[in-house]
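Read-outs throughout are calculated quantities, based only on the coordinates presented, and are distinct from any laboratory measurement. Remember, predicted model here, so these are calculated numbers, not experimental data. Cβ: placed from backbone, ideal geometry, glycine included. Neighbour counts: every protein chain shown.
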Amino acid sequence: MSGDSAAAAPGRTGARPERPVGRKKAGSRWGRFLEGGLLQGGVQGSPVLRLVLRWVRRPLLPVMRLWRRNIQLKVVVTTLLMSLGVVLLLGFVVIGQVRNGLLDAKVKASQSQATGGFAAAKQNSDEAAAAAGTADDGATGDERAEQNVIQWMSDLVTSLSSGGQGAFEVVTLPASAGGDTGGRGPRASGRVNPTDSVPEDLRDRIDSNTGAFQSYTRIVYHSTAHKESQPALVIGKQVNDPNNNPFQLYYLFPLTQEEKSLSLVKGTLATAGLFVVVLLGAIAWLVVRQVVTPVRMAAGIAERLSAGRLQERMKVTGEDDIARLGEAFNKMAQNLQLKIQQLEDLSRMQRRFVSDVSHELRTPLTTVRMAADVIHEAREDFDPVTARSAELLADQLDRFESLLADLLEISRFDAGAAALEAEPIDLREVVRRVVSGAEPLAERKGSHIRIVGDQQPVVAEADARRVERVLRNLVVNAVEHGEGRDVVVKLASAGGAVAVAVRDYGVGLKPGEATRVFSRFWRADPARARTTGGTGLGLSIALEDARLHGGWLQAWGEPGGGSQFRLTLPRTVDEPLRGSPIPLEPKDSRRNRGLDDAGLPCGGGEKAATVPAQPTGDQAAPMPTRDPIISRLGTAVPKADPTALPGNGARVVPRPASGALRQEDIPGRPGADEPPSGETGQDGESSKHGEASHGR
Amino acid sequence: MMSFMKGRVLVVDDDTALAEMLGIVLRGEGFEPSFVADGDKALAAFRESKPDLVLLDLMLPGRDGIEVCRLIRAESGVPIVMLTAKSDTVDVVVGLESGADDYIVKPFKPKELVARIRARLRRSEEPAPEQLAIGDLVIDVAGHSVKRDGQSIALTPLEFDLLVALARKPWQVFTREVLLEQVWGYRHAADTRLVNVHVQRLRSKVEKDPERPEIVVTVRGVGYKAGPS
């Protein structure tokens, strides 16, 4: 059997390895890598890559966990990062402003100084030209003038720089546009390396323009000066020498002082910023701690409260919001305690009452019962009227007794007084006992009870008494409503669950009845005469018994097509159920045999719902149309392995979705262990494929 | 047949109507009933009448049934069948742990009651000379004694029957249902708690360490079997 496990919505999580492949066909390697997620754990790809990722991820995991769990850490880190950002921004703005302020003053002073210098140089050259003109105007004048200019320029540099007293240096460079300069090489005051100290682009600009230009540079000294290079402002202009040849005159103003001031400001700001950031972090830590400590205390106390220590209270000091939280919390705890106390008292009273009623009713009933039996035994000696009365008395006492027993059982469930006595049991034994107990009734009805799937042990931790009661109820019901057709009891176990399904081919259930059968005192057909005195509480009690185990009891049926009741129990008591090894709708239902294609409506009409009141709601959702089932199958239904046994390590083995689809899609496919259909199958074709047959 | 069915039955019940009805039924089946309605007087009545079996109602005025059961069990291994109106696990287990051999839940049918009583009385009717060994215990079936290293261990008849049933077929694992049938005489499966409680009681008497049983071994998911001898 490879049931589609009607209640297997949880299986969505089951088949993880197949999902990404099936859904996106052409997922790139990186896409898949990202989808797998660095921190999700599901990394696909080569083993080496996986190993590396794991190696990278491992030290990060505790940090991530701490980050997720610790709000204090989050707030402190966020505060630190944000204040760091603010401080950096502030620092850049302040430093920019200070730099601008410092340089503006210096540039202005330097410009006026340089302008003066240029004017002095021009005047000096004009004077020298006039003097040369008056001194001699002979043929050899050119050569002499050349000599004079060399001397003149050296003098100019000396005289100009002497006015600054180290506040600036003066450099002259030949105008490169002037071609051959005739020995008028670069000159500089204060052992400045003239060519290295003046940037090339400034020289180009001065060559092509007549105005004054400025730039920032570093003053480089000759190695003999033993001085470090220093930042400077350089202002230059093209000036004519006495021979009216252009040359370049530069003023270099060292900015060392300004730079020192600026670095002082920077240092101060950095220190202050660091302090601010650290202090803000510390403040955030302290502030958050003030809030978080009471919250943590509340969380701890809430945990202890929920663990049942109802007298736990928070300590409240002051009147602030935290104190209000504490007060409200304590008030809540107080009310909770009160309510729980009341409920406990109520439950105790109820239990006490039930117990007392039980005793008070049962003792006289025992006497009546025994008296009735004695009278019943002796009825042959009575006249017919009295004899019949004795029979009625005995019969109705039976009915009264079972009704009383069921009522008491139900009220025990309602009072929460039902206790589970779970131990590992083999459900096959329980089923065999139940079936052999129901066989006399089946014989009277002319039906035949078969057991399927009992080749291997079906062991679960369960309360044998209760499970037997549930199964007896189901089997007796199936025989009673089976209209003399076969009843099939199917066992299966897979994953963490075991299941017993009881299938009959009788009147079945009308739409909507699958949920109502579990209601108290519900009757399928009020007009129908009852053959055995059911109390109307049997299925309600069975449902409660199933719930007590953490299991499910669900019904399926179609009108005229019989019904199936399925009991699913977790294999161990504390394990939650995630699915059932047997599909709720049997394979030989009309729909699964494809009869819906033959003219019958395939809408929700003929399908019966399951029980809504199960512990996990969405598994047992009604199945309105065919499509959702197929799609659910298509995505990821854990295929239960019927051979999975406790202890042999077998688990739910997901099969390829396509295979499951194919199996379910073929209409009317004769299943390997398909029981005989309702219409044709009562003529006792029993054991095939190793099915055990427990007939008459 | 009739000879062993004769038996003195002490009915301890405060409900006079029920007691009278029980008397009618028991007499009709050939037993000799005697009655006591008060828990305080139950022990005296027991000593006086020396019954073959005690029918004991759990809810009694004065001393309650549990206490009476304990007192009787302290001085005799006579079969005790509890009558209880409560089928809750706790009540049943407490009753069984106080020493009752069997219990029957009200309301019961007269035949059911008589069957239980007969099942409890029948066992003394088959004295087959037989020596059995289970673990380091030696059982003399006919002499109704269990000895370890010559020291005899006192068991109630029911506990003795349980031990003998296990010891006779040491290769077989007994399900609780089989034990119920063989030892208690239940035809249809009944409450397996009977077996659990009595196995515990038996272990507390015959095992060296009841936490780690060696004589009566639990076979998980199935039942019990005799330990290797």
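Compared with the dominant Cα axis of chain B, that is its longest principal axis, helix B:110-122 is turned about 50°. Each listed q (0.21, 0.33, 0.35 Å⁻¹) maps to a log10 I(q)/I(0) for the stretch A:383-423 from the Debye sum over equal C-alpha point scatterers, namely -0.71, -0.97, -1.01. Shielding of peptide B:17-29 by partners, expressed as the average count of other chain Cβ atoms within 10 Å per residue Cβ, is 3. How many percent of all Cα-Cα pairs in the stretch A:244-317 sit more than 17 Å apart? Here the long-distance tail beyond 17 Å is 72 percent of all Cα pairs in the stretch A:244-317. Per-residue mean of foreign Cβ neighbours for A:419-430 is 3 (Cβ atoms of other chains, 10 Å radius). Semi-axes of the equivalent ellipsoid of the stretch B:111-221 are 22, 18, 12 Å, computed as sqrt(5λ) over the eigenvalues of the C-alpha gyration tensor in descending order.
Peptides B:37-44, A:50-57, B:195-202, A:416-423 ranked from most to least packed give B:195-202, B:37-44, A:416-423, A:50-57, packing being the mean of other C-beta atoms within 10 angstrom over each peptide's residues.
May I ask you to order A:61-71, A:579-589, A:187-197, A:284-294 by the average number of other C-beta atoms within 10 Å around their residues, highest value first?
Top to bottom by mean Cβ count within 10 Å: A:579-589, A:187-197, A:284-294, A:61-71.
Calculate how steeply helix B:65-75 sits against the longest principal axis of the alpha-carbon atoms of chain B, using the helix alpha-carbon long axis, and give the answer as 0 to 90 degrees to the nearest 10. Around 60 degrees separate the two axes.
Counting neighbouring Cβ atoms within 10 Å and putting the fewest first, the residues B:106, A:122 line up as A:122, B:106.
According to the Cα-based calculation, Rg over Rh for the stretch A:322-418 is 1.42, with Rh computed by the Kirkwood formula. Each residue in A:317, A:256 was given a count of other beta-carbon atoms within 10 angstrom of its own, and listing them fewest first yields A:317, A:256. Report note on the peptides B:20-33, A:74-87: ranked by the mean count of other C-beta atoms within 10 Å, highest first, their order is B:20-33, A:74-87. Does anyone have the angle between helix B:16-28 and the longest principal axis of chain B? Alpha-carbon axes, 0 to 90°, nearest 10? So the helix axis and the longest Cα principal axis differ by about 70 degrees. Taking label points 7 Å from Cα along the Cα-to-Cβ direction, residue A:432 and residue A:291 give a separation of 6.8 nm. When the C-alpha to C-alpha distance is required to be over 22 Å, the pairs from A:74/A:315; B:147/B:205; B:50/B:109; B:50/B:111; A:108/A:260; B:147/B:225 that qualify are A:74/A:315; B:50/B:109; B:50/B:111.
Taking the Cα centre of the stretch A:322-418 as the origin and placing charges on Cβ (Lys, Arg +1; Asp, Glu -1), which of A:410, A:390, A:332 is farthest toward the positive end of the dipole? Final value for the positive-end residue is A:332.
Distance between the pseudo-spin-label points of residue A:456 and residue A:413 (7 Å out from Cα toward the beta carbon): 3.2 nm. The coefficient of translational diffusion for the stretch A:420-592, derived via Stokes-Einstein from the alpha carbon Kirkwood radius under 37 °C and 0.692 mPa s, stands at 206 µm²/s.
Dividing the convex hull volume of the Cα atoms of the stretch A:163-313 by its residue count, what figure in Å³ per residue is obtained?
203 Å³
Our compactness index for chain B, the C-alpha radius of gyration over the empirical 2.2 N^0.38 Å, is 1.01.
Per-residue shielding of B:179-185, expressed as the average number of other chain Cβ atoms within 10 Å of the residue Cβ, stands at 0. Averaging over all projection directions, the Cα-based convex hull of the stretch A:450-550 occupies 7.2 nm² in the image plane. Which percentage, to the nearest 5, of the DSSP beta bridges contained in chain B is antiparallel? Expressed as a percentage, antiparallel bridges in chain B total about 50.
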